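The values are calculated or read from the model by the stated rules, or taken from the named source; none is laboratory data. Being a predicted model, the structure only gives us computed values, none of them experimental. Virtual Cβ from ideal backbone geometry, glycine too; neighbours counted across all protein chains shown. These accessible areas exclude ligands, DNA and RNA; they are computed on the full protein's heavy atoms, side chains included. Shrake-Rupley method; radii C 1.70, N 1.55, O 1.52, S 1.80 Å.
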Amino acid sequence: MLYKLSIKNIQKSIKDYTIYFLTLIFGVAVFYMFNSLDSQQAMMEVSKNTRDIIKLMVETLGYISVGVAVVLGFLIVYANNFLIKRRKKEFGLYMTLGMGKSQISKILLFETIWIGLFSLIVGLLIGVFCSQLMSVLVVKLFKADMSKYEFVFSGAALSKTIVCFGVMYGAVMFFNTFTISRYKLIDLLTAVRKNEKIKMKNPIACVFIFLASAVLLGWAYYMVTGNFENIKLNNLWIPILMGIVATFFIFWSLSGFILKVVQSRKGIYLKGNNMFVLRQIHNKINTTVFSITIICLLLFMTISLLSSGLSINRYLTKDLEEMTPVDINLIKQANLSNDKNKKQSNSQWTKEQMKDSHREISQTLKNCNMDMNILRDVVELKYYTVEGLTWERTLDSVFDSISEQYPYLRYETLEQIVKVSDYNRIAKLYGIKEYELKDEEYIVLCDFDSMVEFRNMALQEAPEITINGKTYKSKYDKCQEGYINMGTSHMNTGIYLVPDSCELKDSQIQYYFLAANYNGDTQEEKKEIEKIFADEEESKLLKELKKKSSIGELDGITKIATIESSVGITNIITFIAIYLGFIFLIASAAILALKELTETSDNKQRYGILRKIGMDDSMIHQSLFKQIGIFFLVPLCLAILHSVFGIQFALKLLSVHIKTKDLLPSILATAGFLVIIYGGYFLATFIQSKNMIKD
C-alpha cells in the first residue's frame, strides 16, 4: 500500500512541481556533460601540448565539480524542504487515519528513490546525447581532427554522477525522516490555516539600517575598484564580507519600510490590485531575506563569471591573432663574456660560444646544418643597450612617485634600442605601422598598458636622452604602438627607436633577433617545418644545439605552439565560466521558482476570495504576474549592481595580461543567457502558478 501511495504522490507531484523535476534533470545532465570530457579527448588527434592542456581542463573541471555538487545538493535539499511544507495537511490526514511517522517516512523514502531514479535516468540520457555536441565543440575549439569522431560514452562521468547524486538523495532521505519525526499532528492539520508570523519592523530603524548598508556596500565597491592598487589578495575577504553583510541588511531593511513608503503614495497604493500585490511582496521579502540574499549572490557570481570569462576569451583570442603575425621568432644573446662584472650571465662560456655570440641568427642556423630554404620572408635586426640608459633614467621626472607606488619594478633595466629602418622591415612583415625619424629624434614604442601610462607621464616633460655623446629628443609626447617580439598579448614594455645615423657600437648589441615564415603553402606543410623548431619530444634544432658546444643561447617562439597553448587557456576559462554560470543560474532561478509555487499553493484561498469580491481572472493573473516579476527582479537588480564593480575588479586584476575595453559583446551574451534561463524559469513559474489557482 505504501508503495502504491508513493507512486500516486509522484504522479501528482510531477503535475504540480514540474519545475522541480526539470531542475533535477538539468542538473544531472549538465554534471555528466562537463565531467565526460575525459573520454572525449581520447578520440582527438592533437599535439602533446594541446593534449596536456585538455588534461588540465578535465582535472580542473573535476575539482570544480565538487563545488558544483555541493550547490546542487543545497538546491535539492532546499527545494525538498518547500515540498515537505506544502504537504503538511496531507501528512496530518495520514496520521489521523492511523499511519505512524515511520510509515510516512517510508512513503517519502519510496518517493525520493523513484524521483532520484527518474531524474538520474532522464538526466543521464539527455547528458549523454548533449555530450556528443560537447565533443564536437571541444574538437572545434582545439582544432582537432574530426575524421575519428564517434559516439562517446563516459563510464567515469556516469559513476561520478551516480555517486554525487546518490549522496544528495541520501541527504534528502535523512532530512525527510528527521523533519517528519519533529511534526505534531495538530500542527500538520492546521498548517493550511496558519500564516507565517511576520514581525513588524520599525520603519525608521529600517531606513537607517538601509542607508548604513548602502554606505557599507559603497565602501566595499570603492575598495575593489577605486582603491584597487592598495588592496592585497590576502585581504580580499574584507570587501567580500562587507558586500555579503550589506546585501543581507539591504533586503532585511527594505522589507521593513518599502510598504510604508508606497502606502504614503495613495495614487499608486490604491490603484487597481496594487494593494494586494504590494502586501504579498512585502510578506515574501520579509520572510525570505536569507534566501533572497543567497540568490542575489548566486546571480552576481553568474553574471560576473560569464561576463568576465567571455570577455577574457574574446580579448585573448583577438590579441592572439594580432600578436602572431609570422610563423617564428628567434632571439640570441649577443656579446657573451665571462667577465663577472657584466650582468649578462653568470655562466662560463667557451671561446666558440663567445665567438658565435657575434654572429647573426641566420649564420648560427647554417652552422647547425639547418636548410634555410625552409624559411621565407626572413628579417633580422639587432637590439642595442647603452650603459646608463635605464628605466630610472628615462622615467626621471616621474621616477620618485612611480617607485614609491611600485617599489618592486626593476628600474635598473637597460632600455632596448632599435634602429628605425630595422624596425620598419619588421613592421612591414608584421603589417603594422612604420615610422620616420629625423637625425635628432627618437620614438618610444610601448603597448603594455601600465608602462604606457608611466612612459606617457615622463614624455610629457619632453625628456632628452644621450647615446654615445649625441642628444636626442622625443618626436611625440606619448608612446606609439608597436612591438617586435611575438606573444600571446600586448606585452611590449618599451623599445626606443633611433635614427639610422645613430652611432651604435657592435659591443652594445644585446640581442640578435630573427622573424620569418615557414616556406609551406598548407597547414600540414607548416606543421612539418614546425617539428624542426618545436617538436613534441625534442626538436631537430635543439638536438643540433646540444651537439655543438660552439653555440650560445638561442631561444624563440612559434605561432603554432603559441596558438595551441593560448587557445587552450581561453577554452579552459570559457568552459569553467559557462559551467559555473549555468549551475549558479539554475540554482538561483529554481529556488525562486519553487518558493513562488509554494507561496501560490498556500495562497489559493486568497485568490478564491479575490474572485468572490468580483475580481476577474485577467486581474488576478495580472496580480500574479506582478508578484512573481518583482520577486524575480529584486535580487537580480542588486546582483547586476554588484556585477558592475565585480567585473571591473576581475578585469583590473587581469589587466597585466589582457587589454579589455569594449565589454558590450560579453555583456550582451550574458544578458541573452540570463533572459533564456532566468526568464524561462520566470515564465514557467507564472504559467504553473496560473494553473494552480484555476480552481
Practice task
Could you check, for segment 393-403, whether at least one of its residues is open to solvent by less than 30 Å² (accessible area, probe 1.4 Å), outside any helix (DSSP H, G or I), touching a residue at least 12 places away in the same chain (Cβ under 8 Å) and touching a helix residue (DSSP H, G or I) at 6+ places or on another chain (Cβ under 7 Å)?
Solution key: yes
Practice task
Specify the residue that is modelled with the lowest pLDDT; the eligible residues are those in segment 176-231 that are closer than 19 Å to I84 by Cα and touching a Ser or Thr at 6+ places or on another chain (Cβ under 6 Å).
Solution key: E196
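Per-residue answers, yes or no, for (1) open to solvent by less than 20 Å² (accessible area, probe 1.4 Å); (2) at pLDDT 85 or above; (3) not small (G, A, S):
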residue	(1), (2), (3)
A589	yes, yes, no
Q622	no, no, yes
L633	no, yes, yes
A650	no, no, no
K661	no, no, yes
L664	no, no, yes
G672	no, yes, no
T685	yes, yes, yes
N691	no, no, yes
Problem - Verdict on S421 being over 14 Å from A334 (Cβ atoms), outside any loop (DSSP other than H, G, I, E, B) and at pLDDT 90 or above - result: yes
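Residue-wise test of (1) modelled with pLDDT under 90; (2) part of a strand (DSSP E or B); (3) open to solvent by 50 Å² or more (accessible area, probe 1.4 Å).
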| residue | (1), (2), (3) |
| --- | --- |
| K433 | no, no, yes |
| K438 | no, no, yes |
| I443 | no, yes, no |
| M451 | yes, no, no |
| I465 | no, yes, no |
| Y472 | no, yes, no |
| I484 | no, no, no |
| M491 | yes, no, yes |
Practice task
Starting from segment 123-150, take each residue that is within 21 Å of A29 (Cβ to Cβ) and open to solvent by less than 20 Å² (accessible area, probe 1.4 Å) and list its partners that are in a helix (DSSP H, G or I) and at pLDDT 65 or above, counting only C-beta distances under 6 angstrom and pairs at least six apart or across chains.
Solution key: G123/I25; G123/V28; G123/A29; G127/A29; G127/Y32; G127/M33; S131/M33; M134/M33
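Rundown of residues vs (1) β-branched (V, I, T); (2) modelled with pLDDT of 75 or more; (3) closer than 24 Å to L298 by Cα, yes/no style:
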{"site": "D52", "(1), (2), (3)": "no, no, no"}
{"site": "F82", "(1), (2), (3)": "no, no, yes"}
{"site": "K88", "(1), (2), (3)": "no, no, no"}
{"site": "Q103", "(1), (2), (3)": "no, yes, no"}
{"site": "L108", "(1), (2), (3)": "no, no, no"}
{"site": "L117", "(1), (2), (3)": "no, yes, no"}
{"site": "C130", "(1), (2), (3)": "no, yes, no"}
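So that you can scan it fast, the table gives a plain yes or no per residue for (1) more than 28 Å from W349 (Cα to Cα); (2) surrounded by 15 or more Cβ atoms within 10 Å (Cβ to Cβ); (3) modelled with pLDDT under 75; (4) over 35 Å from the mean Cα position of the chain (by Cα):
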{"site": "E536", "(1), (2), (3), (4)": "yes, no, yes, no"}
{"site": "S539", "(1), (2), (3), (4)": "no, yes, yes, yes"}
{"site": "I576", "(1), (2), (3), (4)": "yes, yes, no, no"}
{"site": "L580", "(1), (2), (3), (4)": "yes, yes, no, no"}
{"site": "K595", "(1), (2), (3), (4)": "yes, yes, no, no"}
{"site": "K604", "(1), (2), (3), (4)": "yes, no, yes, yes"}
